[in-house]
Amino acid sequence: MREAVLSRLAALGSGTPDISADGMAPFRDPLLKNRALNASRSVCHLCSDAYLSLGYTGRARPFLLGLAGVLGGFLSNVFTDCFRLDHLSKLLALLFLPGLLAIWKTKRYGAACLFGLPLVIHLGLSALRLYPFDTRLILYAAPGVAIVIALGLEELLRLLKAGTRVSRVASYGLSAVVVIMFWRQGFPIELEEIKESVDYISRQSMEKDQIYLYYGAAPAFSFYQDTGYSLPSLQVIHGEKHRGDQDKYMEELSALGGRTWVLISHPFAEEETFIVDSLAERGVVPLSTFQAKGSSVYLFDLPTLKPEEGSQ
């Protein structure tokens, strides 16, 4: 779609417009014409990128359907990844809908802006290719969701014609349950703590050591590398993805040799177990092991294995 529009704009800009009015004479200037054409192209890119960032997948898809898909994924991540309150998250999600209804009925435009304006701004930044619009990258809007949930509880109690005392008990009770569940899961919330594994390598590594970076750990490792986090100054060998052909992990490790830290995070299926067990079958056992939440690191003194010695 974008290519068709751009080709049309290029065709229009290839010739000089036949304009006789003196007031339109400046548009015959080639420089101004090129600037106008570039501006048109920018607008076209902006509109198409905004459409793409709303979930367009290469086929005709209604704009509102794409918006609903992105917001649905966002809300799902807020309730499952951010709140992480198990079954209580489902109750909070149900209260979100009455909250939207309350905002619409009572015309609370301030609450609407607090929830929606950051998302609109973020969508514009995504269209300008300054910051990706992804469900995991808009969790900053979670406080706005919490406000909508509170309004939803208020609206639900109003519809049930609950008295002041019942409303207070319901409000304080739900707040207490949320606080207790957050307290039980501990702070900070840990998912894949690759930083702890990296810090362990920094403390225990020697000068000529090297790191074999399992492909699942690469995105998080690169993120901390780009943000200036203190990483060990060792040679890093990036492993490839070999799902369905695990023997290739042994082929990669066979090309190394020497003290090698195998850094694993976000492992797929039993690939971590396969790597450790396959090395153990060859008499290569970890010299050191460190386990963090969702991340592991193993130190091996690797011999130079032959590829054909890999697991059959």
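Amide H contacts of residue 237: 211, 212, 213, each under 5 Å away and 5 or more positions distant or on a separate chain (H built 1.01 Å from N in the peptide plane; Pro and chain starts excluded). If R0 equals 41 Å, the separation of the Cβ atoms of residue 231 and residue 179 corresponds to a calculated FRET efficiency of about 0.65.
Since every read-out is calculated from the coordinates, none of them should be taken as a lab result. Small disclaimer: the values here were computed from a predicted structure and weren't measured. Counting neighbours? That spans all protein chains shown, and the Cβs are built from the backbone with ideal geometry, glycine included.
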